[in-house]
Amino acid sequence: MIHVFNTMTRTKELFKTIQPGIVNMYVCGPTVYNYIHIGNARSAIAFDTIRRYFEYSDYQVNYVSNFTDVDDKIIKAAHEAGITEQALTTKFEQAFNDDTAPLNIKPATVRPLATEHISEIITFVDDLIAKGYAYEADGDVYFRARKFPDYGHLAHQNIDDLEVGASERLDDGELARKEDPVDFAVWKGADPEVAITWDSPWGPGRPGWHIECSVMAIKYLGNTIDIHGGGQDLAFPHHTNEIAQSEAHTGKTFANYWLHNGFVTVGDDNEKMSKSLGNFVTVHDLLQTVNPQALRLMMATTHYRRPLAYTQTAITEATQIVKRLQTAYTNVAFRLKQADTMTTIDEAIDTQVAQFKSAFMQAMDDDFNVANAMTVINDFATALNVYAKADHVSAVSGEQALAEFADQVMVIGVDVKPSGRATDDNSWIEAQVAARDAAKKAKDYAQADAIRAELKAQGIVLEDTAQGTRWKKE
RNA sequence: GAUGGUAUAGCCAAGUGGUAAGGCAUGGGUCUGCAACACCCUGAUCGUCGGUUCGAAUCCGAUUACCAUCUCCA
């Protein structure tokens, strides 16, 4: 029984899918005019973790997330770089994939592009005009926000309390074309200097910002979707406007649950990190120095609705935890390779594993409470470490425990399985380890320690166990 | 002006009425030829003030600080 916090109602609600066993979710993706920053990554990681937990819970997840590849910022950035809009967006779409893959963010089931849905967008806008929800004004098309009942409910904004221009981003010319300042563009007439335009019943132009998500969400997931997600700052205006135009178009509830992730803050004053403030850190740069698994863990283990402070301390700590989880896995895996394992099952460890699974699900069922889930994972790791030193272990039960452990940690997005490349030639290391064992047996500790020190200098760490010496690369 | 969020040990953080989970770091111990790995032990009365209650970190009121949203930022 999963409960999720719904921004629309501001309460945790029992999660029920429209179709049994299937979760249809749409997560607003980035506008591709730059490398993604860690705020974009946080959002992607938050919803990837949610997706992975649904899958862990045996749901089939249809995860649709877009690239917004036509937008004023793209036009501006392309112009400055002296390349076409498409060259720019193609580059950063690829960069998004390159940056998210090391973070174990699963590719979306469908990754639609705004520019590939222009005809659907035009049809959609046309329908809004026909229904009286939108109007043309000098080549632009605007949505009559006041005509939509309960406009602003998602962000809990009263339309009459909106302070016009509070964000200081309003365009005067646009303001003059609107019937009402709260109206928003669903289609923008072409600017003379902008090459990227499409023909439409209202003349050449391009889609407004919000319309593409409505069109693509409905196209790929239906009139009513289970979950719609994105960053907190999208609640208003982006999602607010998506709701207005989508529900005006279909007459149906657009999404049953609205989930919003909190911001990443940076610096001593915990200021919000954002592109417009210019204080952002790109994942592209970060991955040069930071272990992607640690970054993933740090972001995934802060509850998705809480603000997340990006600090070096947090990264360092996350690195420790990743190491601990991988070590626990490796310790048991090494133990299970030994010949003296039992062939029968080990009920004691089986029972423990079942309890960990149950406790893990109980934590995650509560609006994806990763902090509590981590206490379970931590207990699980301890239990594995203890098991690795048991006198007798069961191969069957041990493998099952490892599989369950890896599955749980993978929900958080961390892979605990060793990633050693099969092509590596470790024969020299193996020979050194064997030589040291021989020296130890002969009680020639000076020689044994010398070998160990030499390997250490090469980044190879030795660990003695009752079942022999194992080694790993730092 | 309107609407939200956050405040718990050195740091991160759970907890929504019954005598404060967990992690990191610190210190101590066990294991080891020594080490490494691992395991065990070790810490806070919950921003401030007042109220309700047999009992509050948890409810109510006030207050302080920080952060955010209010038409193209995840």
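The values are calculated or read from the model by the stated rules, or taken from the named source; none is laboratory data. What you see is a predicted model, and the numbers here were worked out from it, not measured in a lab. Because the Cβ atoms are built from the backbone with ideal geometry, glycine has one as well, and the counts that use them run over all protein chains shown. Areas reflect the complete protein model, heavy atoms only, side chains present, ligands, DNA and RNA absent. Shrake-Rupley method; radii C 1.70, N 1.55, O 1.52, S 1.80 Å.
Restrict the check to region A:365-373 and report whether at least one residue is more than 11 Å from RNA strand B (Cβ to nearest atom), of a type outside the set (D, E) and either within 24 Å of A:A466 (Cβ to Cβ) or buried (at least 21 other Cβ atoms within 10 Å of the Cβ) (or both).
No: zero hits.
Among the residues of region A:228-238, are any modelled with pLDDT of 90 or more and more than 11 Å from RNA strand B (Cβ to nearest atom)?
Yes, some residue in region A:228-238 is modelled with pLDDT of 90 or more and more than 11 Å from RNA strand B (Cβ to nearest atom).
Which ones in region A:388-441 are touching a Ser or Thr at 6+ places or on another chain (Cβ under 7 Å) and polar (S, T, N, Q)?
Selection gives A:S394 alone.
Looking only at region A:442-472, how many residues end up being under 39 Å from the mean Cα position of the chain (by Cα) and surrounded by fewer than 14 Cβ atoms within 10 Å (Cβ to Cβ)?
The number of residues fulfilling the criteria is 8.
Determine whether region A:428-438 contains at least one residue that is under 44 Å from the mean Cα position of the chain (by Cα), of a type in the set (A, V, I, L, M) and open to solvent by less than 40 Å² (accessible area, probe 1.4 Å).
yes
Could you pull out every one of the helices (runs of 4 or more DSSP H) wholly within region A:366-451 that has 2 or more residues that are under 15 Å from A:Y56 (Cβ atoms)?
A:370-388, A:395-412
Select the strands (runs of 3 or more DSSP E) contained entirely in region A:1-78, then report the ones holding at least 1 residues which are under 18 Å from A:N369 (Cβ atoms), in contact (Cβ under 8 Å) with a residue 12 or more places away in the chain and open to solvent by 20 Å² or more (accessible area, probe 1.4 Å).
In region A:1-78, the matching strands (runs of 3 or more DSSP E) lie at A:3-6, A:11-14.
Please tell me if A:T90 is part of a helix (DSSP H, G or I), open to solvent by 20 Å² or more (accessible area, probe 1.4 Å) and more than 16 Å from RNA strand B (Cβ to nearest atom).
Against the criterion (part of a helix (DSSP H, G or I), open to solvent by 20 Å² or more (accessible area, probe 1.4 Å) and more than 16 Å from RNA strand B (Cβ to nearest atom)), A:T90 qualifies.
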